[in-house]
Amino acid sequence: MQDKAKILEAKNITKIFQNGFGKKSICSLKNVDITLNEGEILGLMGPSGCGKSTLARILLRLLPTDSGEVLWKGEAITKKCGHQLLAFQRGVQFIPQRPESSFDPRLRLGKSVVEPLSFFKESWSEKNRKRLQVLLTQLSISEELLGRYPHQVSGGEIQRLALCRALLLQPEVLILDESTSMLDVSVQAQMIQILADLQEKHHLSYLFITHDRELANYFCNRIIVMEKGEILKKGILQN
Amino acid sequence: MVGKSLFIEELSVDFMISTGKVRAVDGVSVVFESGKITGLIGESGCGKSVLGMAILDLLPAYATLNGKIDWGEQSLNEYSIRKRKLLGREIGLIPQSPSESLNPSRKVKAHLNEALRPLGLKRQERYKKAEKLLRDFGFNEPKRILKAYPHELSGGMQQRVLCAIGTACSPEWIIADEPTKGLDSELCKQVQQTLQSLRIQGIKSMLVITHDLQLAEDLCDTIAVMYGGQIVEMGDVLHHPLHPYTKAFLDALPKNGLHPISQINKGVEQYSKGCCFAARCLKSRPRCFQEKPPYKGDKMHWVRCFDAG
Amino acid sequence: MKKSDFQMKIAITLLSFIILSGLLAPWLAPYDPNEIHMAVRLQGPSKEYLFGTDALGRDMLSRILYGGRASILLALIATTLSMTLGMIIGVCAGYFTGVCDIVLTVVTQIFQGIPGTCLMIAIAGILGPGMNHLLLALVVTSWAGFSRIVRTETLRIREQPYMEGLRALGAGTSTLLLKHLIPNMLPNVVVLFTTRVGRSVLSIASLSYLGLGLQPPHPDWSVMISDARLHYRSAPHLIIVPGLCMFTLLFAINLLGDALRDRMDVREEEVKEW
């Protein structure tokens, strides 16, 4: 089998949280190595408190690490910040667990969805408008929803809108942190279908964090299990 | 001793909101038998929590109720304040979201005191009863728990405290409203064990409202499936599903292949005169949109569908 | 929605009435507010002098019409300045935390610890009367309260999940602060603003009453109340009329604040084109 390119990697990550005035320290992650290859769906499983979300945040550079490196397409980005990280920030997107709290409650969804383009100094051009239309069709989002506020749409709809917002930036990696666990069974099924379709169409790689074993077995190419901050075993599935 | 069953006849619950009337429960007729644990499953917005709250008369002021709810031979619709106090003692509630259902500024002791007040015991006796209740639900140090505030306890412990509060007056019926919502898999298992232990406590009949199929399968004797405000099927639905919605719902599980249910056809009226699932059903015929489907089957397993049975 | 609509209408009507009559005073006032006419002093309301006359025979109606202007204008400017200062300090302290927070909080607490009225009187007293000094006194004593509340709100909103989500999407600090943090704070800040305007009006009145604020013969409601001290027993209209005007103004401001806060709550808004 061809060796796939490594798109996102973490090497030897350790993270310690200080509680109070340094009296109590909690070792959240210990020497964690993880590699996401191009075009694959990597499952990350473990009980609550094992460090999955912390690892996700470190990979997204939302949290600094105490030791270790994060590599994006082979290049170390742990020490970088500001506009050096631009390509990385655009390339890796995050879909969180609680759909309703990922949008600013005071903005209409349409504004929230196109806002990130301005972070990367892109204007709202005809090209972008067309891309948005295509995405809305692929995600089965009616344009009427864009005029609503976050609290006026259902859980499934808002998760799809979060996807739309992320995909508008043309990322290469999506980190999905228990994105379907708050959804109903049938809505979850629909969401997974959409994710599978999108992966093909847009050549994406997924880091899929979940605690549902059956779901991980169905959806992921490869599964990593974590417990108490350490990687337990790596399961490789034939898919 | 034969307990009292819950008889619900043509129950409808409407909410008056600024844009008009919304029907949350649409002509539900069902019998929840005493001595059994009945599961009520369905997805968000199907009306199952509203049904549970309607039985306990805990609906908000802008809800209107039509139809009959009988408990044994007592009618629960028209009642006085006195009868309502009776209700709290005979039918207990275990609400959702333990962290939101416990008053954060009062200790567990205060909560249990309040729950035990209808029994009319003296203070010492009440304290002893509270301790015994906590011990029954698996707490090894009830004294310490009684002195604690809700936020000092973990999620699972809070849920067990809620169960203790709900069963404090040894009610005949318990209605558990989404006991595992938002909890992770370990806590779910704990809650399941707690609810199973309720049977040993002497609670004869339970109505468990949930969207967690695993819990329903392990815990319940019979399961009712709700969609769009109507109960479409009741019986051993997880192993022998008859209604198209139940079948589609089960097909959407990861272990069965994650097949999504087809989308709602646009242009179809939301509250049609016919079957609530007609707009999304692959087997629907014109008849399904015109008339409400009949009840087919027997007491053990019935379904409302023109096609099934 | 209905209740806040109704409140809004009343508040706006009252405020427009007060502001308009102040603006149009040069045309509406029947007499010169400063013209002394000792022959008709301390007269009650009559056909010629609708609100009566004061101790120096000046027409009360004309003085009332001119009187609102200074107070309202000053109060608005003072509250805006102290709110701006308070917000800058509060947001910096709440958002950047660490040393910045500690330093700013200590400074805020020092200012809050000094009794407001005393400080105001001290500043006005030392610097002497005059609009600028009055403004300075008002701002120095009220920014700390704003800052405290803004800091708490900043801490609360900063922890919201969507703020983290936006950071992950690549939002910069200025975008987060200006486009998301501050707009989410606005409903509470707006209500705070309106109550503070009310308080400023009262503070100006107190200082003027003590002779440290606006000076006679400047027609101003608080100065009029102060002037009426000697004569109100025999001529109660001297206090009642300006007092009622002051009350109406503060009532309208508070009503407006409540209604605005309700209006800004997006939960009640309808679906629109985006």
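The values are calculated or read from the model by the stated rules, or taken from the named source; none is laboratory data. Here the structure is a predicted model, which means the values were calculated and not measured. Virtual Cβ from ideal backbone geometry, glycine too; neighbours counted across all protein chains shown. SASA here: full protein model, heavy atoms, side chains in, ligands and nucleic acids out. Shrake-Rupley method; radii C 1.70, N 1.55, O 1.52, S 1.80 Å.
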- Task: Sort out the exposed loop GluC sites (Glu not before Pro) in chain C (DSSP loop, at most 15 other Cβ within 10 Å) and tell me the longest stretch that has none.
- Result: C:49-158
- Note on the structure: Per the 1/(1 + (r/R0)^6) rule, R0 = 56 Å and r from the Cβ atoms of A:SER67 and A:LYS111, FRET efficiency to 0.05 is 0.90
- For segment A:111-155, alpha-carbon Rg relative to the globular expectation (2.2 N^0.38 Å, N residues): 1.24
- For segment C:79-133, just run the numbers: alpha carbon Rg, then divide by 2.2 N^0.38 Å, N being how many residues it has. 1.38
- For segment B:108-197, what number results from the quotient of the Cα radius of gyration and 2.2 N^0.38 Å? 1.06
- Item | Ellipsoid equivalent to chain A - semi-axes via the Cα gyration tensor, in Å | 29, 21, 19
- Note on the structure: Rounded to two decimals, the Debye log10 I(q)/I(0) of segment C:101-173 (Cα scatterers, no solvent) at q = 0.11, 0.19, 0.22 Å⁻¹ is -0.45, -0.81, -0.94
- Using unit Cβ charges (K, R positive; D, E negative) and no other charged atoms, how large, in debye to the nearest 20, is the dipole of segment B:6-228 about its Cα centre? 1480
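Calculate what fraction, in whole %, of the accessible area of the protein assembly as shown sits on carbon and sulfur atoms when a 1.4 Å probe is rolled over the protein chains. Please list the in-between numbers first.
On the way: 22610 of 40410 Å².
Looking at the protein assembly as shown in its full context, I get 56 percent from C and S.
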- Over all Cα pairs of segment B:9-132, how is the pair count split among 10 Å bins, expressed in % and running from 0 up to the last occupied bin? 10, 33, 33, 19, 4, 0
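Chains B and A: buried accessible surface, both sides, probe 1.4 Å, rounded to 100 Å²?
Details: alone 16100 and 13060 Å², together 27740 Å².
Summing both sides, the interface buries roughly 1400 Å².
Quick one: dipole size for the protein assembly as shown, taken about the Cα centre, charges +1 on Lys/Arg Cβ and -1 on Asp/Glu Cβ, in debye to the nearest 20.
Rounded to the nearest 20 debye, it is 1420 debye.
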- Message: Over the Cα atoms, compute the radius of gyration (one decimal) and Dmax (the largest Cα-Cα distance, rounded to a whole number) for segment A:74-152, in Å.
- Response: 14.9, 43
- Place +1 on the Cβ of every Lys and Arg and -1 on the Cβ of every Asp and Glu in chain A, take the dipole about the Cα centre, and give the residue among A:VAL225, A:LEU107, A:SER28 whose Cα lies farthest towards its positive end. A:SER28
- Could you give the semi-axes, largest first, of the ellipsoid that matches segment B:6-228, computed as the square roots of 5 times the alpha carbon gyration tensor eigenvalues and rounded to whole Å? 29, 20, 17
- Within chain B, what is the longest stretch that has no chymotrypsin sites (Phe, Trp or Tyr not before Pro) placed in a DSSP loop and near at most 16 other beta-carbon atoms within 10 Å? B:80-270
- Query: So how exposed is C:LYS3, as accessible area in Å² (1.4 Å probe, rounded to 10)?
  - Reply: 140
- Message: Given the whole protein assembly as supplied and a 1.4 Å probe, what does the accessible area of A:SER186 come to in Å², nearest 10?
- Response: 10
- Item | Probe 1.4 Å, all protein chains present, accessible-area order of B:SER34, A:SER112, largest first | B:SER34, A:SER112
- Note on the structure: Semi-axes (Å, rounded, descending) of the ellipsoid equivalent to the protein assembly as shown per its C-alpha gyration tensor are 58, 38, 29
- Query: Residues of C:42-51, mean number of Cβ from any other protein chain within 10 Å of their own Cβ, rounded to a whole number?
  - Reply: 0
- Item | Whole-number D in µm²/s for segment B:171-309 (Stokes-Einstein; Kirkwood sum over Cα pairs; 4 °C, 1.567 mPa s) | 78
- Query: Expressed as a whole percent, how much of the Cα-Cα distance distribution for chain C exceeds 26 Å?
  - Reply: 53
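On average, how much area does the Cα convex hull of segment C:1-146 cover when viewed from any direction, in nm²? Could the numbers behind the result be given before it?
Values: hull surface 53.8 nm².
For segment C:1-146, the mean projected area of the Cα convex hull comes to 13.4 nm².
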- Along the positive direction of the dipole of chain B (beta-carbon charges: Lys, Arg +1; Asp, Glu -1; about the Cα centre), which of B:GLY47, B:PHE277, B:PRO179 reaches farthest? B:PRO179
- Kindly sort A:GLU143, B:GLU73, A:GLU178 by accessible area of their heavy atoms, largest first, with the probe set to 1.4 Å. B:GLU73, A:GLU143, A:GLU178
- Note on the structure: Between C:ASP265 and C:VAL99, the FRET efficiency computed from the C-beta separation at R0 = 45 Å comes out, to the nearest 0.05, as 0.80
- Item | Ratio Rg/Rh [Cα only; Rh per Kirkwood] for segment C:79-218 | 1.08
- Work from the charge dipole of segment B:6-228 (Cβ charges, +1 for Lys and Arg, -1 for Asp and Glu, about the Cα centre) and give the residue of B:GLY20, B:GLY156, B:ALA168 farthest towards its positive end. B:ALA168
- Item | Heavy-atom accessible area ranking, 1.4 Å probe, most first, across C:MET131, C:MET60 | C:MET131, C:MET60
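Estimate for me the total accessible surface buried between chains C and A (protein heavy atoms, probe 1.4 Å, no ligands or nucleic acids), in Å² to the nearest 100.
Interface between C and A: roughly 2600 Å².
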- Taking 7 Å along the Cα-to-C-beta vector as the label spot, tell me the B:PHE15-B:ASN103 distance in nanometres, rounded to one decimal. 2.7
- Query: Relative to a virtual label point 7 Å from the Cα of A:HIS203 in the Cα→beta-carbon direction, which members of segment A:156-196 show backbone nitrogen distances below 16 Å?
  - Reply: A:170-174
